[in-house]
1. Rounded to whole Hz and in sequence order, give me ³J(HN,Hα) for the range 79-93 from the Karplus expression 6.51 cos²θ - 1.76 cosθ + 1.60, θ = phi - 60°, writing x for Gly and Pro.
2. How big, on average over all directions, is the shadow cast by the Cα convex hull of the range 75-120, in nm²?
3. For the pairs LYS56/LYS82; LYS75/LYS111; LYS70/LYS125; LYS80/LYS111, flag any whose C-alpha to C-alpha distance is greater than 27 Å.
4. Debye sum, Cα scatterers, the range 53-139, no solvent: what log₁₀ I/I(0) at q = 0.11, 0.15, 0.19 1/Å?
5. Quick one: net charge around TYR66, please, counting Lys, Arg +1 and Asp, Glu -1 for every other residue with C-beta under 14 Å from its C-beta.
Amino acid sequence: MPRWILKRLNRMYDVADDGTTGAGADGGNVEDKSTDTPDTSKDDAGKKEGNQSIPKARFDEINEKYKAAKAELDKINADKAKAEEQEAIKRGEHEKVIAEKDKELEQYRAKEEMWKARETEQTTKNQARIDALKADYGEKWGTVANLIKE
C-alpha cells in the first residue's frame, strides 16, 4: 500500500507513522511503508493547527453583534422604503405606490395559500395516522387518546 494512503489513514484513525500507537482498523499496525509517496508536508502543516472551533462565549458575542447590525440595516432599509413611498405620494404618483402595495399583497396571498395547502395536507396525513391507530387499538383507543396531551 502506498505510503501516502497510509498517512491519510493514520490521520483518520490517529495512528502514528511507526504504527505503534492508536487504534486504527487494523489495531494500529501498519504493514507496508513504500517509498512512492507524494509530498504531503503541506497537509501535515495544516494538521498541526488542530481543531479550529470557536469558544461559545466568543461566538455568542459575534452573533449578538451580527444580529444587532442586521436589525439596524433592516430598520434603515424600512425607513428608506417608507421615505421613498412618501416622496412618491408627494409627487402625485399614487398609482405607482398602490401598484407596489398590490404586488406585495399578492405575494403574501400566494404564501398564505401555500401554507393553507400544506396545513390541509398535514392535517389529512395526521388524521390518517389517527384512524390507523384507532383501528389498531380498537376499544382501547379511549385510554390511548388520553395519553396524548396537546
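Bear in mind that the values in this text are calculations on the coordinates, not laboratory data. The shown structure was predicted, so the numbers you read here are calculated from the model rather than taken from an experiment. Here Cβ is always computed from backbone atoms with ideal geometry, including for glycine, and neighbour counts include all displayed protein chains.
1. Result, rounded to whole Hz: 5, 5, 5, 5, 5, 5, 5, 5, 5, 5, 5, 4, 7, x, 9.
2. Working: hull surface 15.5 nm².
So the mean shadow area of the Cα hull is 3.9 nm².
3. Values: LYS56/LYS82 38 Å; LYS75/LYS111 23 Å; LYS70/LYS125 38 Å; LYS80/LYS111 25 Å.
In this structure, LYS56/LYS82; LYS70/LYS125 lie more than 27 Å apart at Cα.
4. Here the Debye-derived log intensity ratios amount to -0.72, -0.84, -0.93.
5. Numbers: positive: ARG58, LYS65, LYS67, LYS70; negative: ASP60, GLU61, GLU64, GLU72, ASP74.
Neighbourhood net charge equals -1.
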